[in-house]
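Data block below; observations after.
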């Protein structure tokens, strides 16, 4: 496998040594396959780390709630230790929507319309004519199979 940090100059030098266009394109696609493999590996690693981050944040939140609930239950207002001070303080009330239909119009904000691209594409694909939109000419797709 190639060095993932290969620069454009090294790639150009490698391709310059290859004289046949077929060899050049094959080498270029091999570089692309290596890049895609590295990207897939990194994507999986990032997903694993994001899951770990969510687990850690969830665990921290549960631990804080447990400490808060225990302090409330045992009527402990403050804990002072050599490295940490923990205290309970009153929170602020949060908003609870009981019935949206009863809320006066001044609290509603207008929003920009959002284009339903999927629905638009589906109808155009079905053959419908829609003013202001059309399907592009299809572009060729490079297909690569590895042994």
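Every read-out reported here was derived from the displayed coordinates using simple, explicitly stated rules and does not represent laboratory data. From a predicted model like this one, the values you see are computed outputs, not experimental measurements. All Cβ positions, glycine included, derive from the backbone under ideal geometry; neighbour counts span all protein chains shown.
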Measuring from the longest principal axis of the C-alpha atoms of the chain, the long axis of helix 21-73 (C-alpha) lies at a number of degrees, nearest 10, equal to 0
Under a Gaussian network model of the chain whose springs join Cα atoms within less than 10 Å, the largest fluctuation of 47, 88, 120 belongs to 120
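Please rank 114, 62, 147, fewest neighbouring Cβ atoms within 10 Å first, as an exposure proxy.
Details: 114 6, 62 10, 147 2.
Lowest to highest Cβ neighbour count: 147, 114, 62.
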The chain, Gaussian network, Cα under 10 Å: of 13, 34, 99, the residue fluctuating most is 99
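Show me the three semi-axes of the equivalent ellipsoid for the range 1-89, from the C-alpha gyration tensor (sqrt of 5 times each eigenvalue), largest first, rounded to whole Å.
59, 13, 6
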With Cα coordinates, the longest principal axis of the chain makes an angle with the long axis of helix 117-126, in degrees rounded to 10, of 40
Projected convex hull area of the range 76-147, Cα atoms, direction-averaged, in nm², equals 17.2
The range 43-84 and the range 110-141 have their Cα centres apart by a whole-number Å value of 47
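What is the order of 38, 71, fewest Cβ neighbours within 10 Å to most? Present the calculation step by step, with values, prior to reporting the outcome.
Values: 38 13, 71 16.
Neighbour counts put them in this order, fewest first: 38, 71.
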